[in-house]
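Note sheet for the following structure.
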Amino acid sequence: MKNEEKKNASDNKKHQDLERNREDSKDQFLTTNQGLKINDDQNSLKAGDRGASLLEDFILREKITHFDHERIPERIVHARGSAAHGYFQVYESMEKYTKAGFLQDPSKKTPVFTRFSTVAGFKGSTDLARDVRGFSVKFYTEEGNYDLVGNNIPVFFIQDAIKFPDLIHAVKPEPHNEIPQAASAHDTFWDFISLMPESTHMIMWAMSDRAIPRSLRMMEGFGVHTFRFVNKENKGTFVKFHWKPLLGTHGVAWDEAQKISGNDPDFHRRDLWNAIDNGQFPEWELGVQIIPEEDEHKFDFDLLDATKLVPEELVPVKKIGKMVLNRNPDNFFAETEQVAFHPGHIVPGIDFTNDPLLQGRLFSYTDTQLKRLGGPNFHEIPINRPIAPMHNNQRDGHMRQEINKGQTSYHPNSLRGGCPFQAKIAEGGFDSYPEKIDAKKVRERSKSFKDHFSQATLFFNSQTGVEQQHIIDALSFELGKVGVAQVQERMLGLLNEVSNDLAQKVASNLGMKVPERKEQLNHGVPADFDPERYEPTKSSPSIEKDPALSMMHKGFGNIATRQVAFLCADGVDDNSVDEMKKALKNEGAMVKILGPNSTDVKTAGGKSLKVDEAYRTTASVVYDAFYVPSGDKAHKAMRMIPKAIHFLNEGYKHCKPIASAQENGLVEETYFWKNLNKQNLAEDGVIIGKGKSSEFIEAIGKHRFWKREEKDSIPA
Ligand code: HDD
């Protein structure tokens, strides 16, 4: 469907929804929860019009009591989230590897509900925090709900779930003063990390631009653990899950992220909502890396170790289907807040492995929902209900919705003819993969989990120069916020294991020295740990680089949904606006008209141009690119508006494409025009002159002109 058609379809749907809402609520009286019609919802019952309120007022009491109980505990992690409905469709049958019903028939659409989240921040925190993003998909399959509860980073901080509470306590705001909010740049986080060498690989990812995404729609997703596909013949195959966004994978600049957090803390949430509302539905392809069981020990890392990934250079990702998110939730609380994900919600054909992080997760998620959603019946909340029929002998409990009929609630029974029956495997009954286990009970970690650095090095070496610089900057920022020199030193020691160049540059930014190896406190392993079991090693990785690990290697060119600000004022040239607008819209980009205030701008041709935002109510950081149409009068006016000049300066600082249809005007007021070499501006994404829409579109397709950061002197 073309964007315009999608937009019309979405507008029609909005209109129909509005009509339906009106229709549904026609003749609806305001009532109490018992259905009693309320005659006065403005005044409480009082002893005289100036007297005390009466306890007898059950209408007041019911309303206030319900209000008092409106909040439920927020998620201990991933509290801040945004979600959408959609569907998943497989490209071809995967029966060779799995019997999972939703992965067989390319003509079948499986409904999904997908929730994205930050990890550390509270529910009301900013979207642009430097953090890992959760990427959870609930597939409502005909065989029951399947949840793929992953992240936008393919590895994790720790190897064993028993360390999860420690990790989260360390990253959350510090307990004595609850500072800082939604940030890892503080003492306790880096203290913990510096003592956990196994987190080094994940830290490289978390300090990269992956942790400050441009949009939730422009992030990859990963199942993280190695899972198992099981086919009809009961043959198992290891599988790693990937989500690849069709819009490419993009981040923002760190300075920009911090400013967005102030200007629009809902930036990601709004972006997802608006895109779906506009009919520009985000899409991801589901990819799998398939690894035969026979190859389990073929790699120089352990497939069960969640701090490792399987490089795409070694095992390519096969794209097997597509997810489209095409409907916003009707009610945030009912859906996004109450949805309950669980990595243990699987369907026949998908099974677990012995990854000790995954094994611990299997306990944690039900436990947390019991507390969060108030009891054992959270599966009855509409967003959590499977579409597959559900029958069992579980009964009662807080907030039970179902009215179970009949005399029996046990199995086996004869009084109800044996119902509900157990399903045979051929009838779709679930059967755990019969993995052979013959082992001693131990509190041990396999020696194959001990190499904590080679993949961190692989990741760092696979980045472009710009990406490496961003990691160095991020580490310098975060460690610069740490107030304890020993913690900083331990971290420099760990970074030195990744790359001496990296460690030297961060050390220099901190004004410190990289410690000698022998001083490294056993790579940070604390003295009370048994070194035999915990001291890390570093083997040489079988490959030196994997381009798939770099964001800048993928997904460029597509400008769909990019937000382009048109800087306007009275006297703006009609053609200059219309031609560029048409060209951008043809590519699916979104045009926002900015003006001196919220009233329409009068064009040179005498038309009214609707203003989307006044300069004072918006900020450059929420746009992807800037265009200044021609018109002498307009340029004269804009030269007098400091915020308009600031837009271009800041846009330049954040390496965004800038186009101006005329040279003599607003652009002459900018810092970069006055101070930098104009010869290089075009290759730096600054396009000057009339009729340059194709050059501008190409520039937007490049996302950012990071080379400009080398001249990081723009005062914006
Ligand atoms: Fe977790 C939520 C992802 C390890 C315990 N986790 C949660 C969510 C995501 C993840 C995306 C939000 C779900 C939603 O949108 O509602 N978690 C991960 C990944 C992990 C991981 C990718 C490692 C590979 N988690 C992990 C461990 C534990 C937990 C090791 C505990 C032992 N996670 C939880 C939890 C949460 C949760 C406390 C909080 C809210 C919830 O479950 O529903 O149980």
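The values are calculated or read from the model by the stated rules, or taken from the named source; none is laboratory data. Note that the coordinates shown come from a computational prediction; the quantities given were computed from them, not determined experimentally. Counting neighbours? That spans all protein chains shown, and the Cβs are built from the backbone with ideal geometry, glycine included. SASA here: full protein model, heavy atoms, side chains in, ligands and nucleic acids out. Shrake-Rupley method; radii C 1.70, N 1.55, O 1.52, S 1.80 Å.
A few points about this structure:
- Contact order, relative form, for region 391-485: 12 percent (alpha carbon pairs under 8 Å, 6 or more residues apart, mean separation divided by residue count).
- Spherically averaged projected area in nm², based on the convex hull that wraps the Cα atoms of region 563-710: 7.6
- Highest average first, the peptides 295-303, 134-142 ordered by how many other beta carbon atoms sit within 10 Å of their residues are 134-142, 295-303.
- Distance from the Cα centroid of region 331-350 to that of region 70-137 is 8 Å (rounded to whole angstrom).
- Carbon plus sulfur fraction of accessible area for the chain, probe 1.4 Å, in percent: 51
- Selected from ASN496, ILE688, VAL514, residue furthest toward positive end of dipole (the chain; charges at beta carbon): ILE688
- Peptides 475-488, 335-348 ranked from most to least packed, by the mean per-residue count of other Cβ atoms within 10 Å: 335-348, 475-488.
- Put the Cα centre of region 566-580 next to the Cα centre of region 627-661 and the gap is 12 Å.
- The chain: relative contact order in percent, alpha carbon pairs under 8 Å with at least 6 residues between: 12
- A straight Cα-to-Cα reach below 29 Å connects LYS63 with the lysines LYS26, LYS37, LYS46, LYS123, LYS371, residues fewer than 8 places away in its own chain not being considered.
- Amide hydrogen proximity for VAL628: with H placed 1.01 Å from N in the peptide plane, the residues at 5 or more positions away or on another chain lying under 5 Å are LEU567, ALA659, SER660, ALA661.
- One decimal place: the segment LYS318-ARG639 gains 110.3 nm when fully extended, by the rule 0.36 nm per residue minus the C-alpha distance.
- Whole-Hz ³J(HN,Hα) from phi, Karplus 6.51 cos²θ - 1.76 cosθ + 1.60, for region 440-457, glycine and proline x: 8, 6, 9, 9, 9, 10, 4, 4, 5, 9, 7, 7, 9, 10, 4, 6, 5, 5
- Average Cα contact separation per residue, region 563-710, under 8 Å, 6 or more apart, as relative contact order %: 24
- Restricting the calculation to Cα atoms, region 31-187 shows an Rg/Rh of 1.18 when the hydrodynamic-style radius is the Kirkwood one.
- Translational diffusion coefficient of the chain (Stokes-Einstein, Kirkwood radius from Cα pairs, 10 °C, 1.306 mPa s): 56 µm²/s.
- Straight-distance candidates among the aspartates and glutamates for linking to LYS318, with alpha-carbon spacing under 14 Å and chain neighbours fewer than 8 residues away dropped: GLU92, GLU285.
- Using only side-chain charges placed at the Cβ, +1 for Lys and Arg and -1 for Asp and Glu, the dipole size of the chain relative to its Cα centre rounds to 920 debye.
- Residues whose amide H comes within less than 5 Å of that of LYS318, counting only those at least five positions distant or on another chain, are VAL288, GLN289, ILE290 (H built at 1.01 Å from N in the peptide plane).
- Heavy atoms of the protein chains alone define the surface here; on that basis the chain has 48 Å² accessible area per residue at 1.4 Å probe size.
- For the chain, the mean residue ellipticity at 222 nm estimated from helices alone is -8000 deg cm²/dmol, where every DSSP H run of n ≥ 4 contributes -39500 (n - 2.57) and the total is divided by all residues, rounded to the nearest 500.
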